[in-house]
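Rule-based calculations on the coordinates, nothing more; no lab input. Nothing here was measured: the structure is a model prediction, and the numbers come from that model.
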Amino acid sequence: MQLPIDIDSVKGFLDPAEGRALHDAALASAGLGPALEVGSYCGKSAVYLGAACREAGGLLFCVDHHRGSEENQPGWEYHDPELWDAEAGAMDTLPFLRRTLRRAGLEDHVIPVVGRSATIARAWGTPLGFLFIDGGHTMEAALADWRGWTPHLKTGGLLAIHDVFPDPADGGRPPFEIYQRALASDLYDEVTAVKSLRVLRKL
């Protein structure tokens with residue numbers, strides 16, 4: 001896998017091994033339909049996924065409100081002052097995502113969709129071959145992503161969930177909870193697990 005950009009130059013919290021697994025999953029499912037990720041931040045995962053979509057001649061949609069998750073806000077552990085828009089009085093990661101896509105030469109294959117995940121999911125009409133959930137980590141946000149987007153995933157499509165930590169000491173529980181819901185539904189089989197990433201196939 002050859003990435004079109006120095007991935008370490010892109011802000012974000014995705015492990016390279018997880019990124020490679022995302023790339024491989026997006027490539028494997030590209031024939032079923034477009035890919036979509038929930039939670040783009042500054043575009044690190046979009047580089048891995050977008051490179052796969054470009055290779056396959058497909059598209060990646062990046063859904064994000066670009067105001068940051070709870071842990072990105074001022075005073076929280078993962079706040080980055082460089083991403084703060086003083087005029088808006090809010091986080092704004094969209095310019096950083098656009099810059100990443102431009103530098104990586106992926107603007108023809110990766111389409112940012114700006115807005116709240118649940119709002120966009122309600123109006124979405126295109127069946128997906130690949131879905132990556134990496135949005136907000138509150139239970140409300142994680143459930144909204146699960147309920148809003150998984151109905152759009154085609155049978156045989158791949159669902160990836162990031163930050164799945166079976167041990168509560170390692171991280172927040174909502175991504176693990178929706179992963180457990182997927183398995184308990186008998187609608188998904190696990191394909192691979194790489195660090196905190198889980199990839200499942202819709203049956």
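Among the DSSP beta bridges whose two residues both lie in the chain, what percent are antiparallel, rounded to the nearest 5? In the chain, approximately 40 percent of DSSP beta bridges are antiparallel ones.
Which helices, taking whole DSSP H runs in the chain, have alpha carbons extending 18 angstrom or more along the helix axis plus mean Kyte-Doolittle at least 0.0?
Values: long enough: 16-29 (20 Å, -0.06); 44-56 (19 Å, 0.25).
For the chain, where a helix must reach 18 Å along its axis and average at least 0.0, the hits are 44-56.
Over what distance in Å are the Cα centres of region 55-111 and region 10-40 separated? Measuring centre to centre over Cα atoms gives 16 Å. Amide H contacts of GLY157 (H built 1.01 Å from N, in plane; Pro and chain starts excluded): LYS202 sit under 5 Å, all sequence-distant by 5 or more or on other chains.
Note on the chain: helix-only mean residue ellipticity at 222 nm, from DSSP H runs of 4+ residues weighted -39500 (n - 2.57) and normalised by residue number, equals -10000 deg cm²/dmol.
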